[in-house]
Structures are given as structure tokens and as C-alpha cells.
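Please read the structure below before turning to the comments.
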Amino acid sequence: MFVGRDRELKKLETLYERGEFEFVVFYGRRRVGKTTLMNEFLKDKKSAYYMAVEGTKAENLAGLSKSLLSIKGEGGALSSFPDFEVMLEYIDQLARSGERLVLAIDEFPYLAASYPAISSMLQSHIDHCWKDSRLFLILCGSSMSFMEEQVLGYKSPLYGRRTAQFKLHPFSYFEARQLLSGFKAEEQAVLYGVTGGIPEYLSRIHNDWSMDDNIKNLFFDESGRLFDEPGNLLKQELQDPSSYHSIITAIAGGASRLNEIATKTGLASSGCSAQIQSLITLGIIKKETPLTEGIKSRKTLYQLEDFMFLFWYRFVRPNLSGIGETIYDISVKPQLNHFMGYIFEEISKQYLYQPQIYITLPFPAGEFGRWWGNNPPKKCQEEIDIMVVQDSSALFGECKWRNAPIDMDVVHVLIERG
């Protein structure tokens, strides 16, 4: 069942219907649904789809050749092109035919790693043949740094050629709910939080099981889908993930400033900062400053942006030696409400961006953020969970994950802080 991605799919269909050359770039973290979206778009279209492999030039040439030759059933005696240039010339012929054809290359970074010249060759064929054709080219990749720098970046041979780009993000809570119809709203929020809204993880949830049984099955069973998922992801993206594990563990445990993280991990601040930047690029960590201050603010905090990582490093990694259902019942479930406090702030922001809610706001709101700082009269730190400023207007919000009504004291505190 295909769920979500309505905006992206509609945009792709619009581009397809134009009948002109298109070069579309997809990227986003692993498991976020890029391949599923591509396959949904390719339905009922004349297309060649190839998922590149982490292998040799010859292996990728053979695989891509097979996909291209299958378009017209031309495998036969020619099972593979002798080299990439001959293959690209074949695509030239297909492009000149005037037919609408989609060529989708998934995990393009693997292809580029096996044959670095491919980007320059694609650029040459786009400029000299394809740009005046009806070819619809899609390049997709999970390595966000590669896609941003080597495909979209200004130093890339392909720079300026793309006609559209899609950075796919995890589902919002409101999108994730479509896959969680068998649960109460509170349970849906928890399951969204522990999976981080990643479509592939959400698809592993059984709607006829309890919330607790699903979490146990995913995280607290050695054969569970998410039992060692963060470790596997880091191994795919980083050469030596050991110190990165320590950094994420420190942040999941409450360290949010660079000096706190460096102290907890035993790493030098300079090295720690560089590794944090790598984790930001991967979408695992985010850097925050108070909404009213610039990116160079000395109040910078680091938080885990990927909620599944937050859950895993807070509750699974510390208990790996004694993992099992008992650990969940005794040590994890009693802390779920505390864990959900942070997740609920994000859900609340998503709620305000819902079209039917956004239009009711007192002024056009830009980016929602948080604010924190000192209250000199009270000599204490204060925080506003949700804040947006537009000229002389401001919107303040407080988020409480509680099973009880909120009284007017909360409103009075917000007024005072404003």
C-alpha cells in the first residue's frame, strides 16, 4: 500500500505531463521511501529503472545495460554494452525517437564510486542531446553529502542541469497516522516517536498487535528489525563509527552543548565538532540556536533530529547485555512519557503547519523555533517551546505531554516570558 508523498508524486506527474526534458534529483536518508516513491511514479510509464550496487564498474555497467535493453526487448545477443560511452549513445538514440522515456538510476553514488567519470559523461550528453529531448532522467541517492555536493553542488559537472529536486524527509505524525489506524491517538504518537516517522519502519508495525508488543518486537528482540538499525546505518555511512556512537549516546543522555558532549565522550572539542557536523549532514543531529538569535549564537545546542536514534540510544544501547521484554516492561515503559515530551514539541509544530490550522494563525508565520535564555530578575534559565516572530508580532506556545488539563498558570508564565 502506497501512503503519503502526495505532494511529491503530484509534482512528478506535472513534470512528466509537460513532455520536456527533465532531470530530477531525489535524496534523503536510508529507509525514507525514495525507491517506493520512484516505483509508484514509474507505474504504467515506459521506463528503465536500475539500482546501482556497491561493486565494480563492470558490474554496474552490466546491470544498467540490462535495464536499458529490456525497454525494447533487445537483450538477445547483446546482453551488455561494451562501455559506458556506447551505452550513453544508445540512450541518445532513445531520446531522439521522440518517445517519453523515464530513466531512473537509484543509489547513484554507488555507480559514481565505481566509475567516477559518469557524472561528466552525463553532463555532456545532457548538454549535447538530451536537453532538447523528452527524456525524463532521475538520479537518486541515500548519501546526502554526495548528492548535495557531487550532484547538486556548484563544483559538480551536473550543476545547473537539474530541473527539480526532492529531499525526502521522514513522515510527519499526521502522515504516519495513515499507517497506524489500529491504535489510539496517544499510541500513534508514541509509535511515530520510536520509529522517527521513517516509512519503512512504520510498515513493520502490526495494527493487530498492542503498542507495547510492537515496540518489544522491533527493538527488544535480537531478531527485531530495529534491534541494531542505528549501528548498521552508521557502518554504511562512516568508516569508523565508534566515536560517533559515543557522541550520539552523550546527546541522547542529555548533553546538548559542545563542551558537555566533549567531556562525556573524552574527545577533543575540535574533533568532536567535526564529527558532530558529519552527523548533522546525515540528518541524525541538528544544531539549534534561540529563534531570535543568529546561527553564530553562543547559546548553540545540539539535539537528536532522528527520533529513532534518540529512542535507541536512550533505551536500547544501554541495555544490550540484558535485552528482552523484561527490560522494556521494567526500565523503558515507565520512561516513555518523559521521552515523548521532546517528540510532542515536534508534533505540535507539525500541527501548526497543517493547512487548516495555519490559516487561522494571527499572522503569516515563517519558521517555528524554540527560545531559551536567562531571566536576570529571577536569575534562572527559561525556555519557550514554540515561538515565531514576524515584525512586531510574536506567537508563543507551551507543549505539555500530560494526561491532564492545562491550567491558566501556563498562560500566565508565557505572558511573563513574552
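Which value, in debye to the nearest 20, describes the size of the charge dipole of region 116-243 about its Cα centre when Lys and Arg Cβ atoms bear +1, Asp and Glu Cβ atoms bear -1, and nothing else is charged? Walk me through the intermediate numbers first.
Working: 12 positive and 17 negative charges, 151 e Å.
Using only the charged Cβ atoms, the result is roughly 720 debye.
Heavy atoms only, 1.4 Å probe, whole protein assembly: order Asp306, Asp132 by accessible area, highest first.
Asp132, Asp306
What shape does region 175-218 have by the C-alpha gyration tensor, where a ≥ b ≥ c are the square roots of the eigenvalues, rounded means a/c under 1.5, and otherwise prolate means a/b greater than b/c and oblate the rest?
rounded
Arg134's amide H: which non-local residues (gap 5+, or another chain) put their own amide H closer than 5 Å, with H modeled 1.01 Å from N in plane and none for Pro or chain starts?
It is Gly98, by chain and number.
Let me understand region 260-418 better: what is its radius of gyration from the alpha carbons, and its Dmax, in angstrom?
18.4, 55
State the antiparallel share, in %, of DSSP beta bridges confined to the chain, rounding to the nearest 5.
45 percent
Expressed in nm to one decimal, what extension gain is obtained for the pair Lys11 and Asp92 from 0.36 nm per residue of sequence separation less their Cα-Cα distance?
26.6 nm
If you add up the charges near Glu85, with Lys and Arg at +1 and Asp and Glu at -1, over every other residue whose beta carbon is less than 14 angstrom from its beta carbon, what do you get?
Residues close to Glu85 contribute a combined charge of -2.
Treating the beta-carbon of each Lys and Arg as +1 and of each Asp and Glu as -1, no other charges, what is the dipole magnitude of region 249-376 about its Cα centre, to the nearest 20 debye?
Roughly 360 debye, rounded to the nearest 20.
May I ask which residue of Gln390, Met147, Ala255 lies farthest towards the positive end of the charge dipole of the chain, with charges of +1 (Lys, Arg) and -1 (Asp, Glu) on Cβ and the Cα centre as origin?
Gln390
What percentage of the solvent-accessible surface of the chain, computed with a 1.4 Å probe over protein heavy atoms, is contributed by carbon and sulfur atoms?
The nonpolar share, carbon plus sulfur, comes to 49 percent.
Solvent-accessible area per residue for region 157-235 at a 1.4 Å probe radius, Å²?
43 Å²
In nm, what is the difference between 0.36 nm times the number of residues separating Val411 and Glu293 and their Cα-Cα distance?
Extra length from Val411 to Glu293 when fully extended: 40.1 nm.
How would you order 348-354, 387-393 from highest to lowest mean count of nearby Cβ atoms within 10 Å?
Numbers: 348-354: 16.0, 387-393: 13.6.
Descending mean neighbour count gives 348-354, 387-393.
Extending each Cα 7 Å along its Cβ direction at Glu54 and Gln381, get the distance between those two points in nm, one decimal.
With each label placed 7 Å out from Cα toward Cβ, I get 3.8 nm.
Please compute the contact order of region 111-159 in relative form: average sequence separation of alpha-carbon pairs under 8 Å and at least six residues apart, divided by the residue count, as a percent.
Details: 25 pairs, mean separation 17.3, N = 49.
Relative contact order of region 111-159: 35 percent.
For the pairs Lys46/Lys286; Lys43/Lys184; Lys57/Lys155; Lys155/Lys287, note any where the Cα-Cα span goes beyond 29 Å.
Details: Lys46/Lys286 40 Å; Lys43/Lys184 34 Å; Lys57/Lys155 23 Å; Lys155/Lys287 26 Å.
Pairs exceeding 29 Å: Lys46/Lys286; Lys43/Lys184.
Need one number: nm distance between label points at Gln303 and Ser120, each 7 Å from Cα along Cα→Cβ, rounded to one decimal.
4.5 nm
Can you send over the solvent-accessible area of Phe166, 1.4 Å probe, protein chains only, in Å² to the nearest 10?
The value for Phe166 is about 10 Å².
Fully extended, how many nm does the chain gain between Ser223 and Gln165 (0.36 nm per residue separation, minus their Cα-Cα distance)? List each step's numbers first, then the result.
Working: separation 58, 0.36 × 58 = 20.88 nm, distance 3.65 nm.
So the extension gain works out to 17.2 nm.
Can you spot the aspartates and glutamates whose alpha carbon is less than 19 Å from Lys72's alpha carbon? Ignore those fewer than 8 places along the same chain.
Asp44, Glu89, Asp92, Glu99
Farthest toward the dipole's positive end in region 280-418, which of Gly341, Cys380, Ala404, given Cβ charges of +1 (Lys, Arg) and -1 (Asp, Glu) about the Cα centre?
The listed residue farthest towards the positive side: Cys380.
Is it possible to state the helix-based mean residue ellipticity at 222 nm for the chain, with each DSSP H run of 4+ residues giving -39500 (n - 2.57), the sum divided by total residues, to the nearest 500 deg cm²/dmol? What is it?
Here the helix-only value at 222 nm equals -12000 deg cm²/dmol.
At a threshold of 8 angstrom on Cα-Cα distance, excluding pairs fewer than six apart, so keeping six or more, what relative contact order does the chain reach in percent?
Dividing the mean separation by the residue count of the chain yields 13 percent.
Rank these residues by their accessible area, most exposed first, probe 1.4 Å: Glu200, Glu305, Glu288.
These residues rank, largest area first, as Glu305, Glu200, Glu288.
Give the shape of region 116-269 as rounded, prolate or oblate, defined through the alpha-carbon gyration tensor: a ≥ b ≥ c are the square roots of its eigenvalues, a/c under 1.5 means rounded, and otherwise the shape is prolate if a/b is larger than b/c and oblate if not.
oblate
Using the Cα centre as the reference, give the magnitude of the dipole from point charges on the C-beta atoms of the chain (Lys, Arg: +1; Asp, Glu: -1; all else neutral), rounded to the nearest 20 debye.
My answer is approximately 540 debye.
Write down the accessible area per residue of region 294-418 in Å², having rolled a 1.4 Å probe over the full set of protein chains.
Spelled out: the 1.4 Å probe surface of region 294-418, per residue, equals 60 Å².
The values are calculated or read from the model by the stated rules, or taken from the named source; none is laboratory data. Not measured: the values here are computed from a predicted model. Positions of Cβ are generated from backbone atoms using ideal geometry, with glycine treated the same way; all protein chains shown enter the neighbour counts. Note: areas computed on protein heavy atoms with side chains; ligands, DNA, RNA excluded. Shrake-Rupley method; radii C 1.70, N 1.55, O 1.52, S 1.80 Å.
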